[in-house]
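Chemist: Below you will find the structure I want to go over with you.
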Amino acid sequence: MRDFSIQHYGVSEVMIYVDMALLNNKLILAYSIFINQADLLYISAVSLIVITTIENKYTTA
């Protein structure tokens with residue numbers, strides 16, 4: 001389910017990692033396709049790897 005953490009905890013998965021002090025340069029986020037702009041800022045602040053986002057042409061609003 002795409003919004004599980006938001007529905008159950010009120011925050012995104014990335015914010016859970018931030019709150020638990022797990023978001024650091026050793027964490028690997030694979031298949032993180034549902035991150036928002038705020039999440040991307042947190043990730044890019046600790047990441048040593050260039051992050052590339054790909055827009056899914058099948059996503060509907």
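The values are calculated or read from the model by the stated rules, or taken from the named source; none is laboratory data. Values in this document were obtained by computation on a predicted structure and should not be read as measured data. Note that we place each Cβ from the backbone using ideal geometry, even for glycine, and neighbour counts take in every protein chain shown. Side chains are part of the model used for accessible areas, which takes the heavy atoms of the whole protein and leaves out ligands, DNA and RNA. Shrake-Rupley method; radii C 1.70, N 1.55, O 1.52, S 1.80 Å.
Chemist: Check off (1) modelled with pLDDT under 90; (2) out of contact with any Ser or Thr (no Cβ under 9 Å at 6 or more places or on another chain); (3) not small (Gly, Ala, Ser) for Asp19 and give me the number that stays unchecked.
Modeler: (1)
Chemist: Select from the range 18-45 the residues that are open to solvent by less than 60 Å² (accessible area, probe 1.4 Å) and closer than 17 Å to Ile6 by Cα and list them in ascending order.
Modeler: Across the range 18-45, the qualifying residues are Val18, Ser32, Ile35, Ala38, Asp39, Leu40.
Chemist: Let me ask you something else. Pull up the range 1-17, narrow it to residues that are open to solvent by 100 Å² or more (accessible area, probe 1.4 Å) and in a loop (DSSP other than H, G, I, E, B), then point me to the one that is farthest from Val46 (Cα to Cα).
Modeler: Met1
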